[in-house]
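Enquirer: Below you'll find the structure I mean.
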Amino acid sequence: MKVLLLGASGFLGSNFLKNLKSNKYEFLCLSRSPPRLKRFKFKRCDLNNTSQFKKIVEKFKPNICLDLSWQGIPNYTKKNNLFNFSNKKKIYNILASYKCEKIISIGSCWEYGDLKKKVKENNDSKINLNNFAESKIKILNFLKKLNKTNNIKFIWGRLFFVYGPYAKKTSLLENLIFHYKVKKKFNLKNTTGCNDFIYVRDACNIIKDLTFKNLKSGIYNIGSGNCSSNLEFHNTFLKLLKLKYKLKFHPKKECLRSDNSKIYRNISYRINYNLTKGIKETLKVYNIIY
C-alpha cells in the first residue's frame, strides 16, 4: 500500500510523521522543505507546480493520499483561499486520473459557522461563514463529486483548535512560549473566548485511523469535545512553569465543540490529552521542562 503525504513539513505533517510507528505502508512525503524526520522518503515539491506533481503521482502511483497541506496559513484572505481551492482541484483531479483509491483532506470547525454548542458532522446550519470556511466547503463538495464520478473514497477531517509542538508562531501556545523565553509578560487580550482545544498528538492519532481504517466516505470531527477558555489555557501554562498567575473567574461559557460520537463509533482511539498534559508535553519537546 502506497501513501502520498502532502504538507509533510508543516505543523500537522511533522507531528503525524513523528508519531507514526508502523512502517507497514510505503510513504512518499511531499513539501517545499524537508520534513524533520529523515526516515521517510521525501521529494521537494511545490504543489502549485501541477506538472511536477503529475510526474510524481504517475511514477509513485499512490493508493492513498493524505493531504495535510494549506499554503499561506495564517493568511486567511480571500485571495489565498481561492489559490488553495484552485490548486486542490487540480491535484485531486490528477490523483483521480491515476486511480488513487482514497483521499483524506482536512477541513475546519469554522465550517459550522457561528454556533456555540456541541456539533455533529451532519449539522448544516452554516451561520456567518467566513471565506476560509466557504473555501473549505467548496473543496469538500469537489471531493464529493469525485466520489460519485470516479468512485474515489474521501475522508474529510473537520479539525478544531489544534495546539502542540511546531505550530505557527501566531498560535496562543507559541506566543506564550516566546514571551516566556524572552522574559516578557504576555498580555492575553481575549480572556473570555472559549475553544475546543485538541492536542496535536490526539489529532494525528485520529487522522492516522481515518487514513488506514476502512471507513465510509464522509465528514469526521477531530476535536477534544471539551470547551476551554483562553484564560484557562494561559493559566495552565503558567501553573506548569510554577509562575504566578491571577486566576479570574468567568461564568462557564458554551462554545463550538466536537461531538465525538461518530469518531468513537468508527475508530478505537480515544482522546488522551487534557490541557495540562498537552501543554506539558509541548514544553518537554522544547526542553523548557523535563
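None of the figures in this text is laboratory data; all of them are computed from the coordinates on show. What you are looking at is a predicted structure, and each value in this text was computed from that prediction instead of being measured. Backbone-built Cβ (ideal geometry, glycine too); neighbour counts: all protein chains shown.
Enquirer: What residues have an amide H closer than 5 Å to that of ILE222, excluding those fewer than 5 places away on the same chain, when H is modeled at 1.01 Å from N in the peptide plane?
Expert: Result for ILE222 returns ARG158, LEU159, PHE160.
Enquirer: Below 8 Å between Cα atoms, with a sequence gap of 6+, how large is the relative contact order for segment 201-275 in percent? Mind dumping the intermediate values first?
Expert: On the way: 55 pairs, mean separation 36.3, N = 75.
Once divided by the residue count of segment 201-275, the mean separation gives 48 percent.
Enquirer: Taking a 21 Å limit on the Cα-Cα distance, which of the listed pairs LYS59/LYS99; LYS239/LYS284; LYS78/LYS99; LYS18/LYS145; LYS216/LYS262; LYS21/LYS54 fall beyond it?
Expert: Working: LYS59/LYS99 12 Å; LYS239/LYS284 15 Å; LYS78/LYS99 32 Å; LYS18/LYS145 33 Å; LYS216/LYS262 11 Å; LYS21/LYS54 29 Å.
Correct reply: LYS78/LYS99; LYS18/LYS145; LYS21/LYS54.
Enquirer: Could you give the alpha-carbon Rg of segment 163-239 over 2.2 N^0.38 Å, rounded to two decimals?
Expert: Values: Rg = 15.4 Å, N = 77, 2.2 N^0.38 = 11.5 Å.
Dividing the Cα Rg of segment 163-239 by 2.2 N^0.38 Å gives 1.35.
Enquirer: On a 0 to 90° scale, report how tilted helix 275-285 is relative to the longest principal axis of the chain, with both axes built from alpha carbons and the result rounded to the nearest 10.
Expert: The helix 275-285 is inclined about 70 degrees to the chain.
Enquirer: Tell me which GluC sites (Glu not before Pro) from segment 173-263 have a DSSP coil assignment and no more than 15 other beta carbons within 10 Å of their own. Provide the component values of the computation, followed by the final result.
Expert: Values: sites: GLU174, GLU232, GLU254; in loops: GLU254.
Counting only loop positions with at most 15 other Cβ atoms within 10 Å, the GluC sites (Glu not before Pro) in segment 173-263 are GLU254.
Enquirer: When the helices in the chain are scored as -39500 (n - 2.57) per DSSP H run of 4 or longer and the sum is shared across all residues, what 222 nm value do you end up with, to the nearest 500 deg cm²/dmol? Walk me through the intermediate numbers first.
Expert: Working: 9 runs with 110 residues, N = 290.
Estimated from H runs of four or more residues: -12000 deg cm²/dmol.
Enquirer: Please give me, ordered by residue number, the trypsin sites (Lys or Arg not before Pro) of segment 90-125 that lie in loop per DSSP and have at most 15 other Cβ atoms within 10 Å. Before the final figure, lay out the partial values.
Expert: Values: sites: LYS90, LYS99, LYS102, LYS116, LYS117, LYS118, LYS120; in loops: LYS99, LYS116, LYS117, LYS120.
Listed in order of number, the matching sites are LYS99, LYS116, LYS117, LYS120.
Enquirer: Then there's this: In a shell of Cβ-Cβ distance under 14 Å around TYR264, excluding TYR264 itself, what net charge do Lys and Arg (+1) and Asp and Glu (-1) give? Let's see the in-between values first.
Expert: Numbers: positive: LYS118, LYS120, LYS213, LYS262, ARG265, ARG270; negative: GLU121, ASP202, ASP209, ASP259.
Taking every Cβ under 14 Å from that of TYR264, the sum is +2.
Enquirer: Among the chymotrypsin sites (Phe, Trp or Tyr not before Pro) in segment 44-112, which ones are in a DSSP loop with at most 16 other Cβ atoms within 10 Å of the Cβ? Mind listing them?
Expert: Details: sites: PHE53, PHE60, TRP70, TYR76, PHE83, PHE85, TYR92, TYR98, TRP110, TYR112; in loops: TRP70, TYR76, TYR98.
Hits after loop and neighbour filter: TYR76, TYR98.
Enquirer: Ok, one more. For helix 230-240, what angle does its Cα long axis make with the longest principal axis of the chain, in degrees from 0 to 90 and rounded to 10?
Expert: 70
Enquirer: Please give the per residue volume of the convex hull enclosing the alpha carbon atoms of segment 103-214, rounded to a whole number of Å³. Intermediate values should be presented prior to the final figure.
Expert: Details: hull volume 14.6 nm³, N = 112.
Hull volume over Cα atoms, normalised by residue count, gives 130 Å³.
Enquirer: Another question about this same structure. Return, ordered by residue number, the residues of segment 99-135 whose backbone nitrogen is under 13 Å from a label point located 7 Å along Cα→Cβ of LYS144.
Expert: Residues passing the 13 Å test: 122-126.
Enquirer: Using the basic label-point model (7 angstrom from Cα toward the beta carbon), what is the ARG39 to GLU232 distance in nanometres?
Expert: Placing both labels 7 Å beyond Cα along the Cβ direction yields 3.6 nm.
Enquirer: Next question, about the same structure. What do you get when you divide the Cα radius of gyration of segment 19-137 by 2.2 N^0.38 Å, with N the number of residues? Don't skip to the answer; put the middle values down first.
Expert: Values: Rg = 16.4 Å, N = 119, 2.2 N^0.38 = 13.5 Å.
Relative to the rule-of-thumb radius for its length, segment 19-137 sits at 1.21.
Enquirer: Roughly how far apart, in whole Å, are the Cα centres of segment 218-244 and segment 152-193?
Expert: So the separation of the two Cα centres works out to 10 Å.
Enquirer: May I ask for the Kirkwood hydrodynamic radius of segment 134-290, worked out over all distinct Cα pairs and given in angstroms to one decimal?
Expert: 17.3
Enquirer: Further question: Which net charge results for the neighbourhood of THR211, defined as the other residues with beta-carbon distances under 13 angstrom from its beta-carbon, given Lys and Arg at +1 and Asp and Glu at -1?
Expert: Working: positive: LYS2, LYS24, LYS102, LYS153, LYS208, LYS213; negative: ASP67, GLU101, ASP209.
Local charge sum for THR211: +3.
Enquirer: May I pose another question? Please list the equivalent ellipsoid semi-axes of the chain, computed as the square roots of five times the alpha-carbon gyration tensor eigenvalues, in descending order and whole angstrom.
Expert: Numbers: eigenvalues 209, 95, 63 Å².
Working from the Cα gyration tensor, I get semi-axes of 32, 22, 18 Å.
Enquirer: Quick one: of the DSSP bridges fully inside the chain, what percent are antiparallel, nearest 5? Intermediate values should be presented prior to the final figure.
Expert: Details: 2 of 37 bridges.
About 5 percent, rounded to the nearest 5.
Enquirer: If you don't mind, there's one more thing I want to ask. Could you give the angle, 0 to 90 degrees to the nearest 10, between helix 78-97's Cα long axis and the longest principal axis of the Cα atoms of the chain?
Expert: 40
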